[in-house]
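Engineer: Please find one structure pasted underneath; my questions will follow.
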């Protein structure tokens, strides 16, 4: 579909995700096709529920192309040794979701 479609997907996924968050939550593009979301005062179960809601919303969204779009999500809720470790753990869970069939949320 090309770069134009890819840009549209990234923008629409960002919009879908942002609409699913609380005022205190944050989301931003972390790189290429990856986003990083922060859910303060939220346990792993709560983060999972939000991410699943976003994942399902993206899966059901009509991008108007006849192609389906899905996302994979990795969650980390352990914050012991700093933010870098937290992001690294979430990234590993993201790749676990991708390697386990995609269109999944892993914690």
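Engineer: From the set of residues in segment 16-25 that are within 12 Å of the chain's Cα centre (by Cα) and outside any loop (DSSP other than H, G, I, E, B), which is nearest to residue 90 (Cα to Cα)?
Structural biologist: Start the filter on segment 16-25 by keeping residues that are within 12 Å of the chain's Cα centre (by Cα), which leaves 16-18, 20-21.
Retained after the next criterion (residues that are outside any loop (DSSP other than H, G, I, E, B)): 16-18.
Working: 16: 20, 17: 17, 18: 19 Å.
So the residue we want is 17.
Engineer: Which count do you get for residues in segment 91-102 that are in a helix (DSSP H, G or I) and either touching a residue at least 12 places away in the same chain (Cβ under 8 Å) or within 19 Å of residue 38 (Cα to Cα) (or both)? Give the derivation first.
Structural biologist: Restricting attention to segment 91-102, the residues satisfying the condition of being in a helix (DSSP H, G or I) are 91-99.
If we keep only those that are either touching a residue at least 12 places away in the same chain (Cβ under 8 Å) or within 19 Å of residue 38 (Cα to Cα) (or both) too, we end up with 91-98.
Residues flagged as in a helix (DSSP H, G or I) and either touching a residue at least 12 places away in the same chain (Cβ under 8 Å) or within 19 Å of residue 38 (Cα to Cα) (or both) within segment 91-102 amount to 8.
Engineer: Filter segment 15-24 for residues that are in contact with a strand residue (DSSP E or B) (Cβ under 7 Å, 6 or more places away or on another chain) and either under 17 Å from residue 64 (Cβ atoms) or touching a residue at least 24 places away in the same chain (Cβ under 8 Å) (or both); which is surrounded by the fewest Cβ atoms within 10 Å (Cβ to Cβ)? Give the derivation first.
Structural biologist: Applying the first criterion (in contact with a strand residue (DSSP E or B) (Cβ under 7 Å, 6 or more places away or on another chain)) to segment 15-24 yields 17-18, 21.
Restricting the remaining residues to those that are either under 17 Å from residue 64 (Cβ atoms) or touching a residue at least 24 places away in the same chain (Cβ under 8 Å) (or both) gives 17, 21.
Details: 17: 22, 21: 16.
Only one residue tops the list, namely 21.
Engineer: List every residue pair whose Cβ atoms lie under 8 Å apart, where the two residues are 6 or more positions apart in sequence or sit on different chains, the first residue falls within segment 1-14 and is on the phi < 0 side of the Ramachandran plot, and the second residue, located anywhere, is assigned to a helix (DSSP H, G or I) and modelled with pLDDT of 95 or more.
Structural biologist: As it stands, the answer is 13/58, since those pairs meet every condition given.
Engineer: Follow-up question, since we're still on this one. Can you name every residue in segment 71-90 that is in contact (Cβ under 8 Å) with a residue 40 or more places away in the chain, outside any loop (DSSP other than H, G, I, E, B) and surrounded by 16 or more Cβ atoms within 10 Å (Cβ to Cβ)? Break it down stepwise before answering.
Structural biologist: Quick first cut of segment 71-90, residues in contact (Cβ under 8 Å) with a residue 40 or more places away in the chain only: 71, 87, 90.
Those still in the list that are outside any loop (DSSP other than H, G, I, E, B) too: 87, 90.
Once the filter is applied, which keeps residues that are in contact (Cβ under 8 Å) with a residue 40 or more places away in the chain, outside any loop (DSSP other than H, G, I, E, B) and surrounded by 16 or more Cβ atoms within 10 Å (Cβ to Cβ), segment 71-90 yields only 90.
Engineer: Identify all residues within segment 26-70 that are in a helix (DSSP H, G or I), touching a helix residue (DSSP H, G or I) at 6+ places or on another chain (Cβ under 8 Å) and free of Cβ contacts under 8 Å to residues at least 40 places away in the same chain; write none if there are none. Before the answer, list the steps.
Structural biologist: Here is the first cut: in segment 26-70, the residues in a helix (DSSP H, G or I) are 44-60.
From the residues that got through so far, the ones that are touching a helix residue (DSSP H, G or I) at 6+ places or on another chain (Cβ under 8 Å) too are 54, 57-58.
Matches in segment 26-70: 54 only.
Engineer: Still on this structure, please answer the following. List the number of the failed condition for residue 47; all other conditions in (1) under 18 Å from residue 10 (Cβ atoms); (2) surrounded by 14 or more Cβ atoms within 10 Å (Cβ to Cβ) hold.
Structural biologist: Residue 47 satisfies all of (1) under 18 Å from residue 10 (Cβ atoms); (2) surrounded by 14 or more Cβ atoms within 10 Å (Cβ to Cβ) except (1).
The values are calculated or read from the model by the stated rules, or taken from the named source; none is laboratory data. This is a predicted model, so every value here is computed, not measured. Ideal geometry is used to build each Cβ from the backbone, glycine not excepted, and the neighbour counts take in all protein chains shown.
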